[in-house]
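Structure first, commentary second.
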Amino acid sequence: MQDFLKELEFFGRDIVWWPLEKGKQVVIDPRRNFGQPTVAKSGVPAQILARSVRANSSEELVARWYEVQPEEIRDAIEFEESLAKAA
């Protein structure tokens, strides 16, 4: 339970979850994108970045399209893959 609590941040009534860990870029925040998993810096939904890479097979190209850093792309892919494994 302690490990899970380390992934949470509290802002008033809102709870923000860093599902990969706080050092990674993906956040679930009810104030952003209606709570969809989102890349924290850019605000782009993680699913959009991961699917764009899958469709185009180039992290660098997708990073340019969405004006994000490569590590944001990698974290989005890691998060989406973790969802697929859990399903």
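Averaged over all directions, how much area does the convex hull of the C-alpha atoms of region 1-50 cover when projected, in nm²?
Its average projected convex-hull area is 3.7 nm².
For n ≥ 4 DSSP H runs only, could you compute -39500 (n - 2.57) per run for the chain, divide by its residues and tell me the 222 nm figure to the nearest 500?
Mean residue ellipticity at 222 nm (helix-derived): -14000 deg cm²/dmol.
Taking only protein heavy atoms into account and a 1.4 Å probe, give the accessible area per residue of the chain in Å².
For the chain, the per-residue accessible area is 66 Å².
Given the chain, what whole percent of its Cα pairs are spread farther than 23 Å?
21
The values are calculated or read from the model by the stated rules, or taken from the named source; none is laboratory data. Model, not experiment: these values are computed from the prediction. Side chains are part of the model used for accessible areas, which takes the heavy atoms of the whole protein and leaves out ligands, DNA and RNA. Shrake-Rupley method; radii C 1.70, N 1.55, O 1.52, S 1.80 Å.
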